[in-house]
1. HN-Hα J couplings of region 221-230 from phi, Karplus 6.51/-1.76/1.60, θ = phi - 60°, integer Hz, Gly and Pro as x?
2. At a 10 angstrom cut-off on C-beta neighbours, averaged per residue, how do the peptides 109-119, 525-535 rank from highest to lowest?
3. Run down the lysines and flag those whose C-alpha is under 27 Å from the C-alpha of Lys513, throwing out any fewer than 8 positions away in its chain.
4. Round to the nearest 10 and report in Å² the accessible area of Lys577, as given by a 1.4 Å probe over the protein chains' heavy atoms.
5. Which entries of Lys217/Lys369; Lys221/Lys369; Lys75/Lys580; Lys335/Lys369 show an alpha-carbon separation above 27 angstrom in the structure shown?
6. Quick check: residue separation of Asp175 and Glu325 times 0.36 nm, minus the Cα distance between them. What number comes out in nm?
7. Antiparallel versus total DSSP beta bridges in the chain: what percent is that, nearest 5?
8. Can you list residues whose amide H is under 5 Å from Ala394's amide H, if they're 5+ apart or on another chain and H is modeled 1.01 Å from N?
Amino acid sequence: MTAPFIPEGAPFNEDQRAWLAGFFAGLNSRAAMQGQTGAAAGAATQAVGLDILFGTQTGNAEAVAEDAAAAARSKGFAPKVAGLDDVPMEALAEMEQAIIVISTYGEGEMPDNAQLFWDAISADTAPRLEQLSYGVLALGDTSYDEFCHAGKLLDMRLEQLGAKRLYQRVDCDVDYEDPAAEWIGATLPIIADLTGAEAGGAVAEDGAVAPDSGKPKWNRKNPFQSPTVENRLLSGPRSAKEIRHFAFDLSGSGLTYEAGDAVGIIPKNNPALVDLFLARLGAEHDTAVDGLDMPLGEALRSRFEISTPSKEFIAAIAERTGHDELSSIVANGDKESIEAFMWGRDTLDLVNLDPKLELSPKEFVALLKPLQHRAYSISSSPKAHENEVHLTVASVRWDSEGREHRGVCSTYMADELGEGDPVGIFMSPNKAFRLPDDGDVPIVMVGPGTGVAPFRAFLEERRERGATGRNWLFFGDQHRAEDFIYEDEISTMSADGLLTRLDLAFSRDQNEKIYVQSRMRENGKALFSWLEEGAYFYVCGDATRMARDVDTALGELIAEHGGFSGEDADAYVSNLKREKRYLRDVY
C-alpha cells in the first residue's frame, strides 16, 4: 500500500493533514500485519465503490467532498464525486455506500445544486433505500436560525426511506475544517469494515506528515498577503452608495482562479471600534487575558467578531442586562422581532443598553465568535489581468446611536488599503458558476449593483477567448448619473459588439421604479427565444429580494411566451437548472 495523498488546496491545516496521514498510516500497518502478499494482497486491495455527493452554494461543500474522495481513493476505495442534482433517483436506488456533504443556503434552504434532488427524494414517488448505508456531513452558520437545516432534512429523509446511517451526522459551523476532518476520519474505516475494503483499521499515533507537492497552500487559515494594486471609487459623489474597485497582486503566490470564482478576504476590525470597546471594558491595548496568546487590543482587532453579535451574545446580554424589550423578544424566540430590534445596532450598542453593565475582558472575549473571512465575487478574468484579481465592493456605513457604524470588511478595505498595502486573501472556487465551455453558446446575465462583478469577468473572459456567442446584460441601480459603475467599460463592450444586448434599469430616475426584472418582462419574448436557442441564464446579487423577484419574472415570461401553464413553466425552469443553464451567485 502507498502513503496517503492529501491534495493541494484541501481545507485541512497542517495538524489535520498530519493526523489524517497518521490515521491512514495505521491502516497500512494493519494490512501488513495481516500478511497480505502477492496475489492475495492484490485481491484485498481491489477498489471498493463509494459515492461521495455534495450540495453546495459557494463551493465549500464540494471542496470537502473532494478532500474526502482523495483520502478514500488513496486507501483502496474507488470514489465517485457528484453534485446532488446530478443524481437521478434510479442511480440513488442502486447506491450501497454514500457520503453526503451539504451546506445550508439562506434561512434553512437547500443549496442551488441540491434543490432538484431534494424535490425528488421528498416526493411520494421516491424509491426505498434499504440497500444504502450513508453518512451526512452538514455545513452551516450558527448566526442563522436554521443552522444546518438542509443537512438535517436530508439525514432524516434518507432514514425515512430505509437507508442505514453509517455514522452520526455532524453539523459544522463556519470553522468547519476540524470537525470535517474528524468526521471523514471516523467514517471511512466504518465503510471499510462494512465492505471489507483494506481501508479499515486503527488510528496511528505517530502522525507522519503526508507527502506535499511543494506548492504554497493558501487558505483562510494561511492566507496569501497580497499587495494592493488599486483602490478606486466607482460610484458618483452624490450616490447613496460607496462602491469601490479593488485590484490585488498575485505575483509569486501560485494562486489561480477562473471567472465565476470568489476571493476570501481576511479583514481586521475598525481600530476606532476596538478603542471604544477597550474604554468600555476599562482595559488597555496591551492588557493580558487568560487564555489569549496576544494582547487584548490585538485580539479585538484581528481575532474576534466585535461588530455583528451572535445569537448567543444577544441572549447573554439580554440575561445580564435584564433589558425588558430585549429579554421579552429573546424569551419568545421571535426572529422578526429580534431582527427589528437589532436593525442598525452592533455589539457595542448591545453592551451599552445598560451603562452599568460590567464585563471583564475575559468575560467579554468568552462571548465572542472568531472573526470570519468575507467572500466577494471576482470581477476580472485572469486572461485579461495577468497576476491580478479584481473585486467590486460596496462599502457599508450607517449612523446609529450617535456614532458611525461600519461594515467590517468593506470599510477595512476602503479605508485601510492603499497602493502596496498587503491584505490576506485566498481563492474560493465556484465550479457551479462557470461560463459554458462552448464559446458559441449565448448567455444572459442579470446583475444589478455590485452583482455585475462576475459578469465583468465573464465578458472579459469571452473577449479573451474569442468566443462568438451572444451576450445579454441586465444591469441597474438607483441613478444612472451616479450609480452606473463601469459605465465606460460596459459602453465600450456594447459599442464593439461584445455585448449583444444591454438593458438598463435605474429605479429612481423616474416616478415609477424600474428594476432588472421589469426589463426582463418588457423583453420577455426575446429572452424566451434566447433560452429556446440554448442560452445560459445567470443571476448575481441580493438573494433575499432581487434573486427571488428575478426567478418569479423568469417563470412568468416563460409561461407567457412559451404558452405554458404555471406547472409546465416551473418544469421548464427546473430543466434549465438540471441542464446547468440557470446558475446563480447570490448572497
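The values are calculated or read from the model by the stated rules, or taken from the named source; none is laboratory data. Source: prediction; values computed, not measured. We place every Cβ from the backbone using ideal geometry, glycine too, and count neighbours over all the protein chains shown. Note: areas computed on protein heavy atoms with side chains; ligands, DNA, RNA excluded. Shrake-Rupley method; radii C 1.70, N 1.55, O 1.52, S 1.80 Å.
1. Taking θ as phi minus 60°, the curve returns 8, 9, x, 7, 7, 8, x, 6, 9, 8 Hz for region 221-230.
2. Result, highest mean Cβ count within 10 Å first: 109-119, 525-535.
3. Cross-link targets: Lys241, Lys525.
4. Only protein atoms counted, so the area is about 70 Å².
5. With Cα atoms farther than 27 Å apart: Lys75/Lys580.
6. Fully extending the segment from Asp175 to Glu325 adds 50.8 nm.
7. 45 percent
8. Hits under the 5 Å cutoff: Arg244.
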